[in-house]
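Scroll down for the structure; my scribbles are underneath it.
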Amino acid sequence: MAANAQSIILHQYDISPFSEKVRVVLGIKGLDWFACDEPIIMPKPELVALTGGYRKIPVMQIGADIYCDSQSIIRELERRFPSPSIHVGGAGAGWTAGMWSDRVFFQAAVAIIFGGGTALADEAFIKDREKLTGRPFDIEAMKAAAPLMAEQFRAQLGWIEEQLGDGRSFVLGEKPSLADASAFYNLAFVRWTSPNGVKLIESFPGVAAWEKRVAGIGHGNRQEVSREDALDIAKAATSTEAVKADPGEPNGLKPGDRVSVMADDYGRDAITGELVSSSAQHIAIKRNDPRVGDVVVHFPRAGFFVMKS
Ligand SMILES: N[C@@H](CCC(=O)N[C@@H](CS)C(=O)NCC(=O)O)C(=O)O
C-alpha cells in the first residue's frame, strides 16, 4: 500500500544513529512505516520545507504533523501506539537513559569513530558538520584524543554490562524498552564505522549478547516513500494537533503566540511559528510553506529553548 496521511513517514538515512534509535522503537512496537531517505549533508530542501529550518535527522511525518528530534518522535509513537509500551518500570528511566545516550555516550562514540579514521569523513562531510556545530571538525585533534575517548566509551559500555549482570535479557528487565533502543544505537553506529570500537564492544560478553538480542528485534515493517510524495502528503493533509493551553507554562506562553524554537546543543537553527499547544514535554507550532501548506511542527522541551518572537 502506498503511503498516505495516516502513515508513519520517517525522514532518515540508514547510517544515522539517531534514526536507528527510532527504528528499534518501531521494531519493539511492530509498526508499519515508510522510510523517506534524506541526504547526509545539506542541502535538504524537502526536509526544511517540512520543518521550517530544522535540518537534523530523524524527523517523523504523519500527514501534516512533523516531529523533530528522536525524543519527540518516540513520545508521539508511544502516544499513538501505546501497546506494547516502550517503557518498563516507569517512563522516567527510559527518557533519562535517552538523554545520557544522546549526549555523553554519543560524544564518546563519535570520538572513537572519527578519531579512528573512517571513510565517512570526506571533505564535504567535514565542512557540513563544521557548519552544523559551529566548531572546527578537527580530525587530527580527534585522533590525538582517541585513546582517552576509548576509556570513556569502555567505561560506559561497562555500565551496560553491570546493568545486565543479573542475567536479565534487556536493560530494564525481560522486555525491551526505550532504554535498550537508546543504549543500542551508539553500538550500531560504531559497528557500521569503526573496527577499533567493535573490539571494545566485544570485550564485554554480556553487552555483545544483549546487542544481538536488540538487533534481533528488527525495525518493524519498512517500506519506502520518495521525498516528493512525502511533501504531497503533507500538502494534502491537515494537522490533527488540538489547540491546548498549558496552565503550568513557566513563561506564560499561550496558543497564538509567535515563538521560535531551537536546539540547545548543535544545529541551533531557530524555527518560528504560532504556538498551538505545549506542555512540560512538548511544544507544537504552526507554520506555512508554499510547498507543503500549513503544517504543525513538534519539538521536545528537554534540550530545546523556546523564545517569544
Ligand atoms: N537530538 C537529535 C539529534 C539528531 C542528530 O544529531 N542527528 C544527526 C544524524 S544521526 C544529524 O542530523 N546530523 C546532521 C545531518 O544529518 O545533517 C535527536 O535526538 O534526534
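Coordinate-derived values only; no laboratory data. Quick caveat: nothing in here was measured; it's all calculated off a predicted structure. For neighbour counting, all protein chains shown are included, and Cβ atoms are generated from backbone atoms with ideal geometry for every residue, glycine included.
Under 21 Å of direct C-alpha separation, and excluding same-chain neighbours fewer than eight residues apart, K286 reaches these lysines: K44, K56, K235, K244, K254, K308. For segment 93-217, the number of Lys pairs separated by eight or more positions or lying on different chains, with C-alpha atoms closer than 28 Å, is 6. Peptides 67-77, 91-101, 205-215, ordered by how many other C-beta atoms sit within 10 Å of their residues on average, highest first, read 67-77, 91-101, 205-215.
Relative to its Kirkwood radius, the Cα radius of gyration of the chain gives an Rg/Rh of 0.96. The angle between the Cα long axis of helix 17-29 and the main principal axis of the chain comes to about 80°, on a 0 to 90 degree scale. Taking every alpha-carbon pair in segment 93-217 and binning the separations at 5 Å intervals from zero gives 2, 11, 21, 23, 18, 12, 8, 4, 1, 0 percent.
Helix 139-163 and the longest principal axis of the Cα set of the chain meet at an angle near 90°.
Inter-part distance, segment 247-293 to segment 1-39, computed on C-alpha centroids, equals 24 Å. Average 1/r across all pairs of distinct alpha carbons in segment 245-296, invert it, and you get the Kirkwood radius: 11.9 Å. The angle separating the long axis of helix 91-100 from the principal Cα axis of greatest extent in the chain is about 70 degrees.
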